[in-house]
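FYI, it's all coordinate maths here, none of it is from the lab. Source: prediction; values computed, not measured. Glycine gets a Cβ as well: all are built from the backbone with ideal geometry, and neighbour counts include every protein chain shown.
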Amino acid sequence: MPTPTDLLQGTLDLLILQTVALEPMHGWGIALRIQQVSRDVLQIGQGSLYPALHRLEYKGWIKSEWANSENNRRAKFYKLTATGRKQLAAERDSWNRLSDAIGLVLDKTMEVSS
Amino acid sequence: MIVEFWTWLRYFLLRKSRKELDDEVRFHLEQSIASKIDAGIPEAEARRLAMIEFGSLEATQEGCEQQRPGWWAGIAAQDFRYALRGCLRNPAFSIAAVLTLMLGIGSSAAVFTVVDRILFRPLPYGDSGRLVSVGLLAPIEPLEFMLGGSYYEWQDNQKPFVALTSEAGGEPCDLTEVNPVRLDCASVEYNFLQTLGVMPVVGRNFLPNEDRPNAPKVALISYALWRSRFHRDSSITGKVISIDGKATEVVGVLPENFEMPRLQAADVLVPECLDVAAQRRADPGRPLWAFARLKPGVTPEQAKAQLEPLFEYSLRLAPAPFRKEIHYTVRPLRDRQFHDVHRAAWILLGLVMAVLLIATANVAGLLTARRASRQREMAVRTALGASRFRLLQSAILESFILSATGALAGVLLASALLRVFVAMSPGGMPFLNSARIDGRVLIFALSICLLSTLSFGLIGGITRAQTNALTSRSASGLRRARLRQFLVTAQIAASLLLVAGGALLARSFWNLERQNLGINDENVLTATISLGQTAYPTAERQMAFFQQLQRNLRWGPGVDTVALSDSLPPGGYHHDQIYASLRVEGQPRFTSGTGGNVAWRWVTPEYFRTLNIPLIEGSGFTDDELASANRFVVLSRSLAERMFPGQSALGRQVHVATGAPEGQDPLYSVVGVVADVKNGGLAAGEEPEYYRLRRNRAEDWDPRAVVIVKSSLPAPTMERWMRRQVASLDPALPVEVGTLRERIAKLADQPRFEMLLVSYFAVTGLVMAMIGLYGVTAFLVEQRKPEVGVRMAFGASKGDIVRLVLASTMRMIVPGTVFGLALAFAVSQVLSSLLFQVGSHDSVTFCGSTILLIAVTVIASLIPAIDATRVDPIITLRVE
């Protein structure tokens, strides 16, 4: 069972995996999608986005290929691999467990304070 | 799992192209700009904002690159290439460091392996630490022995031992079966193996009733014989073999690593089968060699004290005049085996430890010099952003390359040296052949390698590279240089000691090789023959064989003379008897002690002419005497002068004690006096000697003889011809043929070994001193380069600069030499027992060694001195 810190560090990985799970996307698209979906709360810096994409690719969880973008420019699209899908499921599980646990702790303390 | 591993491996080996990432980033920026333009921002401003938002392009690239699985390996490879280049850029330094490590590791590993076999080798006996050798010491035999007359008294009454056992020596025997072979048979007491703690691997030990006179013959055979002759047949026990024609039952097989305590060869062990009652009455009785197992907690010294009354008993048996020359000893078995090698081994170990320490000091010295010369480079690298960790890493890598090369070269040197040591080691150390560079030596080399890597790297890397090295010269390190100067001085002194010692031994060896032996070995060949008991059971048969061989050889091609003897000068075995056992007819017996040893040999008339020993008086042996019933002797000059001072020995009669009852000693007539011949080994003194004539009578012959042939034909031709002649008489007879010169050269094996060993260390010490001096001088020169620049700017010539550097090294060379000379004078006394016709304070040797050392050290300091003259004053002044 991963420790909470591991999970927090791996959060960006989880977000990326989740985002490319829907459809193959390029780097810009991934950053934009995460920002939009999180209603501008989560802004991914490029300094960490690309190293993360490369890391996931080196681990074999995502795969890249060059294709034409929506405005007909050549862009590098990332898509989830089979192992990546398994990894995503695992990471979602742990994330849910963690947020449930944190929620429980927070609810308890709210009851106490109220 | 497998999929992930393959992905990892693929990316480990292949890197993604940099352009791909550039394209990706460019696309990202374009999208970013486009989105900003869509939001109504002007293009130029949109581009600027997008760039700001993206941040550092290099950082992203670096970040992506660092994700690659092979990133670390890549960095390490880069550092490795850089370190390698660092080593190659300063070849003198690298060679010096590698050489130092190679010599240090190689010498110590090789010497350790040899000394380990000598000093620390486990003896192949159970609990061998408690085994001792026990016996009497007398002038006639340098090592302890026992005599049957008192041995059993000792065995019955001793207190300090669990058991006392004996062996009665060995002799050649024949396995007389389908393919007869000559073997070595050793006879031992029935409790011999039990006392040594050895169990036969197959079968059983001897039983007490098998060790009696006329008991049925039994034998234990060696593992090697079991394997080669009986193909490890496990049903060997109970098998009857024929030894010297007698049916003998094999009762067991000895362990593979078994060896006799005196290290003599033994293929077959048989019981002594002595008549104990007869031995007790006998005087002196059969010579035996006794070994014992100490009771727990008893030391050899205590055991010796407890044996005092038994020694008194033995002493009473000895003739009164000899008593004061007889002693006794109890010492560990290991000490007996290496009674003269022991001290040499420890000296060797000491030498090698010194070499290793010098090597360590050298490496440290070289390193500091190196660091001093690279301070500026380190400062530049720091200024360009190299992290301290990265600098340390590259320093360690660089030192690792040097250490690993040095260690590898050292192990190679060690195995080469070991081969040389083993090939050159004098006989009597057969177990040295199994000395190998083993795991311990590799671990030793590896740990030295790691240790020096760390100390090299850490000394070089951990001290913070001072950025001010870029702007000013630093005076730090000068104080530490004092210690190193002292070390180098000590090193020079130590190498002078080694060089002087090596030169003394070399001179001594030179004298040894060129001394006058009293014989002429030119064109002389020898054939050593020992006849088997089965084919030649009687002295008549033995005489017939040797005389027939002599006749056949006499008329061979180019043969000048042929003689037969039973032994040969200048060293090795010959008969010995004490001077007191000779009595001049009509004079009283010599009574004050034994009178020392007198050597004697059986010879035929041509012996003196074949070896070119000049006759001084008389005509020597002639053919007339061969047929005579009387006995004749020829004396050596020193013996004649002692027995007949101031008189002619010719025609005088001498009684020679041959074990016959008192008063019935046979009488010998002196028919000649010959010049003295070296007979106690190459380096030892000469004994008086006499020669008995081997007449045409069986009583003068035994199974052993050396045929001596002087011929004008080349040695290889003669050797083949002599072998053929022996084979034509008896094709199954083993014969050892060689030139007399080879025989004599073999005697010089031990001094040659000693000389080469010490010379090797002398050369090693000299090289180390050169390296040490070079390292320190190079360091000092590096430190003083700015000063040299200033001096040159003010008009100093290159000669002035060289003189300046040499003056500073002279401050190490001169005291080192003086100190070394004093040390060598004090210590060379240790060598005096090894020296032959050279004083241990030989002035020529000492002067020569000093001149050599000074020359070598000056050359070592000239390299950095000349380097100093290449200083460009402009550059140093600008740095100042």
- For the pair B:R724 and B:K295, the simple spin-label estimate (label points 7 Å beyond Cα toward Cβ) gives in nm 6.8
- Task: Please list the equivalent ellipsoid semi-axes of region B:739-880, computed as the square roots of five times the alpha-carbon gyration tensor eigenvalues, in descending order and whole angstrom.
- Result: 44, 15, 11
- Rounded to one decimal in nm, the spacing of the 7 Å Cα→Cβ label points at B:E699 and B:S35 is 12.8
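Send over the Kirkwood Rh of region B:569-651, from the inverse of the averaged 1/r over different Cα pairs, rounded to one decimal Å.
Details: mean 1/r = 0.0686 Å⁻¹.
Roughly 14.6 Å, rounded to one decimal.
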- Tell me which residues come under 5 Å, amide H to amide H, from A:H26 once H is placed; ignore anything under 5 positions away on its chain. A:Y78
- Item | Under the Karplus curve 6.51 cos²θ - 1.76 cosθ + 1.60, θ = phi - 60°, whole-Hz ³J(HN,Hα) for region B:498-505, x wherever Gly or Pro sits | 5, 5, 5, x, x, 5, 4, 5
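Where both partners of a DSSP beta bridge lie in the protein assembly as shown, what percent of those bridges are antiparallel, to the nearest 5?
80
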- When the C-alpha atoms of chain B are aligned to their principal axes, what extent does each axis show, in angstrom, from largest down? 140, 75, 63
- Given a cut-off of 24 Å, name the pairs among B:K324/B:K678; A:K79/B:K19; A:K63/B:K36; B:K678/B:K710 whose C-alpha atoms lie farther apart than that in the structure shown. B:K324/B:K678; A:K63/B:K36
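May I ask you to derive the relative contact order of region B:77-201, considering only C-alpha pairs under 8 Å and at least 6 residues apart, and to give it as an integer percent?
17
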- Item | Computed over region B:249-398: relative contact order in percent, which uses C-alpha pairs under 8 Å that are six or more apart | 19
- Once amide H atoms are built 1.01 Å from N in the peptide plane, which residues 5 or more positions from B:D560, or in another chain, come under 5 Å H to H? B:K710, B:S711, B:S712
- Note on the structure: Taking R0 as 45 Å and r as the Cβ-Cβ distance between B:L392 and A:V105, the FRET efficiency 1/(1 + (r/R0)^6), rounded to the nearest 0.05, comes to 0.50
- Can you grab the distance from the C-alpha centre of region A:58-106 to the C-alpha centre of region B:765-810, Å, no decimals? 67
- Low-density loop chymotrypsin sites (Phe, Trp or Tyr not before Pro), region B:550-597, at most 15 other Cβ within 10 Å, DSSP non-H/G/I/E/B, are B:W555, B:Y573
- Message: Can you tell me the orientation of helix A:27-37 relative to chain A, as the angle in degrees between its alpha-carbon axis and the longest Cα principal axis, to the nearest 10?
- Response: 40
- Using only Cα atoms, figure out Rg for region B:797-880 and give it as a multiple of 2.2 N^0.38 Å. 1.61
- lysines whose Cα lies under 27 Å from that of B:K239, excluding same-chain neighbours fewer than 8 positions away: B:K217
- Neighbour-count ranking for A:D13, B:D79 (other C-beta within 10 angstrom, fewest to most) reads B:D79, A:D13
- Task: Tabulate in residue order the Karplus-calculated ³J(HN,Hα) for region B:560-572, using 6.51 cos²θ - 1.76 cosθ + 1.60 with θ = phi - 60°, rounded to whole Hz; enter x for Gly and Pro.
- Result: 8, 9, 10, 9, 10, 9, 10, 7, 9, x, x, x, x
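So between B:K246 and B:D23, what do we pick up on full extension, going 0.36 nm a residue minus the alpha carbon distance?
70.4 nm
Using the number of other C-beta atoms within 10 angstrom as an exposure proxy, rank B:I866, B:I613 with the fewest first.
B:I866, B:I613
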- Residue-averaged [θ]222 nm for chain A, counting only DSSP H segments that reach four residues, each worth -39500 (n - 2.57): -21500 deg cm²/dmol
- Under the Karplus relation 6.51 cos²θ - 1.76 cosθ + 1.60, θ = phi - 60°, what is the ordered set of whole-Hz ³J(HN,Hα) values for region B:255-270, x standing for Gly and Pro? x, 4, 8, 5, 9, 6, x, 9, 6, 7, 5, 8, 8, 9, 9, 10
- Note on the structure: What helix-only [θ] at 222 nm does chain B give? Using -39500 (n - 2.57) per DSSP H run of at least 4, over all residues, to the nearest 500, the answer is -17500 deg cm²/dmol
- Note on the structure: Cα-based Rg/(2.2 N^0.38 Å) for region B:310-389, rounded to two decimals, is 2.67
- Message: Please rank A:L106, B:L450, fewest neighbouring Cβ atoms within 10 Å first, as an exposure proxy.
- Response: A:L106, B:L450
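Tell me the trypsin sites (Lys or Arg not before Pro) within region A:53-114 that lie in a loop according to DSSP and have at most 16 other beta-carbon atoms within 10 Å. Spell out each step's value before the answer.
Details: sites: A:R55, A:K59, A:K63, A:R73, A:R74, A:K76, A:K79, A:R85, A:K86, A:R92, A:R97, A:K108; in loops: A:R73.
Hits after loop and neighbour filter: A:R73.
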- Message: Could you check the spin-label model distance between B:A745 and B:W8? Points 7 Å from the Cα along Cα→Cβ, value in nm.
- Response: 6.3
- Query: When we measure straight from the Cα of B:K785, which lysines land under 21 angstrom away, once same-chain ones fewer than 8 places off are left out?
  - Reply: B:K798
- Which residues' amide hydrogens lie under 5 Å from the amide hydrogen of B:I243, considering only partners 5 or more residues apart or on another chain, with H built in the peptide plane? B:T176, B:T248
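Can you give the Rg/Rh ratio of the protein assembly as shown, where Rg is from the C-alpha atoms and Rh is the Kirkwood radius?
Answer for the protein assembly as shown: 1.17.
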- Distance from region B:63-122 to region B:336-406 (C-alpha centre basis), Å: 10
- Item | No Cys partner within the rule (Cβ under 4.7 Å), chain B | B:C64, B:C87, B:C273, B:C449, B:C847
- Message: Are there any GluC sites (Glu not before Pro) in region B:52-101 that are in a DSSP loop and have at most 16 other Cβ atoms within 10 Å? List them by number.
- Response: none
- Item | Net charge, B:L274 excluded, C-beta distance under 13 Å - Lys, Arg +1, Asp, Glu -1 | -2
- Query: Roughly what % antiparallel, to the nearest 5, for the DSSP beta bridges in chain B?
  - Reply: 80
